[in-house]
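Below is one structure, written out as structure tokens; comments come after it.
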Amino acid sequence: MKYRLVALDLDGTLLDSQLQIRRETIDALARVRAKGVQVMIVTGRHHGAAYPYWRQLGLELPAICCNGTYMYDFRAGRPLASNPFSRQEACRLLRLIRDRGIYTMIYADDFMAYERESYHVNKLLDWSATLPQDVRPRIDRIDSFERMLDECETVWKFATAGDDLTSMSAFAADLETTLGLSGEWSAHNRLDIAHAGNSKGRRLNAWIAEQGIARDEVIAFGDQQNDIEMLRMAGLGVAMENSRAEVRACADWVTGSNDSDAIADTLQRFVLTVA
């Protein structure tokens, strides 16, 4: 099979445990692109937090962000196809989060916002501090999400988290019945909330249809539940070894961990050695 597109999740997939892209992977992706195969980032991240990697790899395609809520064209500096929250929906969701005592960050406009620190926020801030200023994402500590929602234009995603997995699972189950929204797990204790129907797989499928790329011509890499639809959609869905069992079960191929040269090895096997 000759592939025309490589779709890559970031955290736990393209990025190792230190949030770096391995040198072997960078080299392999450069050779893939030199062969005429396109490369796209497909992530749960806000576009501001995806941009450093997009620029590092020298990519040209827009990125799919916030689990398919929108595409972002970095060259033009603007979002493309999108399905964000309405202000009313965002306010209703925030009230439910307050009632349940769930921790959240909100991804909006060109920034990410938090009211209080957490392990995830501190990890994000520490990573951001290592970046050059011109690629550093905007991460704002604010006093009031309610006030922020009154002032911002677009709300892309709520990133919720909690160590009480029973409460988090109950919260996830209530989202659809109470608000008509959907949650996708981006880690074992992190639930990303967006419109029902927004997903990496659906957004990617719509884009390749517009470009005249067949599903069989796509190889996709992922590691979390929010990658499952994308892996199933692709001609070759590749799960990382560090994936949960249900992710590995839906993949066509299971490669090594994100802390190995597994992506480079897989590209060599399925893309670079094909005549």
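The values are calculated or read from the model by the stated rules, or taken from the named source; none is laboratory data. Since the structure is predicted, the reported quantities are computational estimates derived from the model, not experimental observations. Glycine also receives a Cβ, built like all others from the backbone with ideal geometry; neighbour counts cover every protein chain displayed.
Residues in segment 144-162 that are touching a strand residue (DSSP E or B) at 6+ places or on another chain (Cβ under 9 Å) and of a type outside the set (G, A, S): F145, M148, L149, C152, E153, T154, V155, W156, K157, F158, T160. One residue stands out in segment 151-168 among those that are free of Cβ contacts under 8 Å to residues at least 12 places away in the same chain and not in a loop (DSSP other than H, G, I, E, B): the one that is nearest to P52 (Cα to Cα), namely E151.
Residue-by-condition table, conditions (1) aromatic (F, W, Y); (2) outside the structural domain of D164 (by TED's automatic domain parsing); (3) part of a strand (DSSP E or B); (4) within 17 Å of L14 (Cα to Cα):
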site	(1), (2), (3), (4)
V39	no, yes, yes, yes
Q56	no, yes, no, yes
L59	no, yes, no, yes
R92	no, no, no, no
R95	no, no, no, no
T104	no, no, yes, no
M112	no, no, yes, no
R116	no, no, no, no
L124	no, no, no, yes
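Scanning segment 18-50 for residues that are of a type outside the set (V, I, T), within 16 Å of the chain's Cα centre (by Cα) and more than 16 Å from G68 (Cα to Cα) returns L19, Q20. For segment 11-56, a residue qualifies if it is aliphatic (A, V, I, L, M), in contact with a Phe, Trp or Tyr (Cβ under 7 Å, 6 or more places away or on another chain) and more than 16 Å from T266 (Cα to Cα), and the qualifying residues are L19, I41.
Every condition in (1) within 21 Å of M168 (Cβ to Cβ); (2) not in a helix (DSSP H, G or I) holds for V238 except the one numbered (1).
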